[in-house]
Amino acid sequence: MYYSEQTVLFFDGQYVKAADAKTDLYSQSMHYGYAIFEGIRAYETVAGEVAIFKAEAHYQRMKDSADAVGIPLAYTVEELINISYEVLSRNGLKNAYLRPLLFCPPNMSLQKAKAAHLMIAAWEWGAYLGEQLLRVMTSSFQRPNPKAFKVHAKVSGHYVNSIMACQEAKDHGYDEALLLDANGFVAEGPGANVFFEKDGQLFTPALGNILPGITRATVIELANELGIPVVETACTPEALKQADSAFFCGTAAEVIGWKSIDEYVFPTPWHQSIGYQLQKAYKDLVLEKQSNTVQA
Ligand code: PMP
């Protein structure tokens, strides 16, 4: 359960009980998926402080996503960050997931929103994709075509595609899906970006058909620091199936290794992979351990 009788969330300028907060069934977001959201994690750092990881980057992406689809967001990045810390503090949360949602008032037309509601909720959430290596299935669903959707924006409606891909993979006995783009290149998971390792180099799909993940950008920064070459390019599914290792990364998933893709099992043991090094570096970074120099 995401909330209890005590949980408090932010809703349009007020901190209210989650159990009492109400929305309108005639909302344009409810009917058409026309809403923007973010997924953000807060960590209790080694110094014992609560730190929202990459808060500015997430709220900047939220503003950019809202602009991309014409939903007004009447808060600055700084205000959104302050509200988020307040939500964490009012709920006594330290290691938590924050879910801001920008959604629209009643409107059954297909015109863009003139006003919007903002809610920010938080809850304790463990590793989203678990801790075990993943058995991944190439989905029969493609990522949305960038000529049909603003794929760089985190729009609620896009996630119907993610739900279908994830469900298909689970129905076939896999842990998670990998979606290709409209041209047949590797794109991303339903809620995470993908990297693979070949001969000491990391490969990841270039921007254009994917959500520009904040964890993806962080992993690239960490790899640069560790002297690991990263190639952002169009990646074929065939190249992925000759890789040494692979992993997903995302705010909720963090860095999580793959066991296999379809019938292909990655030959490098996870603990010897580049992904494993980056998984450790990422954990250190979010917890603000001194070994890292990349700033949150
Ligand atoms: N791709 C998709 C489709 C996602 O939903 C997410 C999660 N937001 C990601 C990638 C990873 O993005 P981030 O690292 O910013 O969480």
Sorted on mean Cβ neighbours within 10 Å (highest first), peptides 200-212, 39-51 come out as 200-212, 39-51
For Asn82, the net charge from surrounding residues (Cβ-Cβ under 14 Å; K, R +1; D, E -1) works out to -3
Along the Cα-to-Cβ line of Ser4, 7 Å from the Cα, sits a label point; which residues in the range 47-73 have backbone N less than 16 Å from it? none
Over the range 151-206, what portion of Cα pair distances is larger than 12 Å, expressed as a whole percent? 70 percent
Counting Lys +1, Arg +1, Asp -1, Glu -1, what net charge surrounds Arg143 among other residues with beta carbon under 9 Å of its beta carbon? -2
Quote the relative contact order of the range 4-43 in percent (integer), defining contacts as alpha-carbon pairs under 8 Å separated by 6+ residues. 25 percent
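What is the local net charge at Leu133, summed over the other residues whose Cβ is closer than 12 Å to its Cβ (Lys, Arg +1; Asp, Glu -1)?
So the surrounding residues net to -1.
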Debye, to nearest 20: dipole size of the range 1-109, +1 on Lys, Arg Cβ, -1 on Asp, Glu Cβ: 240 debye
Angle in degrees between helix 55-69 and the longest Cα principal axis of the chain, rounded to the nearest 10: 70 degrees
Normalised alpha carbon radius of gyration of the chain [divisor 2.2 N^0.38 Å]: 1.01
Against the longest principal axis of the chain, how steep is helix 274-286, in degrees 0 to 90 to the nearest 10, with axes from Cα atoms? 30 degrees
Tell me the relative contact order for the chain as a rounded percent, counting alpha carbon contacts under 8 Å between residues six or more apart. 18 percent
Do the sum for the chain: with -39,500 (n - 2.57) for every DSSP H run of n ≥ 4, divided by all residues, what is the mean residue ellipticity at 222 nm, to the nearest 500 deg cm²/dmol? -7500 deg cm²/dmol
Area of Lys63 that stays accessible when all protein chains are in place (1.4 Å probe, Å², to 10): 50 Å²
Out of all DSSP beta bridges in the chain, what portion is antiparallel? Express it as a percent rounded to 5. 80 percent
How far is helix 214-225 tilted off the main Cα axis of the chain, in degrees rounded to 10, range 0 to 90? 40 degrees
Here the range 116-124 yields Karplus 3J(HN,Hα) values (6.51, -1.76, 1.60; θ = phi - 60°; whole Hz; Gly and Pro given as x) of 8, 9, 10, 10, 10, 10, 8, 8, 6
Taking Cα pairs closer than 8 Å and at least 6 residues apart, the relative contact order of the range 134-286 in percent is 24 percent
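The values are calculated or read from the model by the stated rules, or taken from the named source; none is laboratory data. Only a predicted model underlies this, so the values are computations on that prediction, with no experimental measurement involved. Positions of Cβ are generated from backbone atoms using ideal geometry, with glycine treated the same way; all protein chains shown enter the neighbour counts. What goes into the accessible areas is simple: the full protein's heavy atoms, side chains included, and nothing from ligands, DNA or RNA. Shrake-Rupley method; radii C 1.70, N 1.55, O 1.52, S 1.80 Å.
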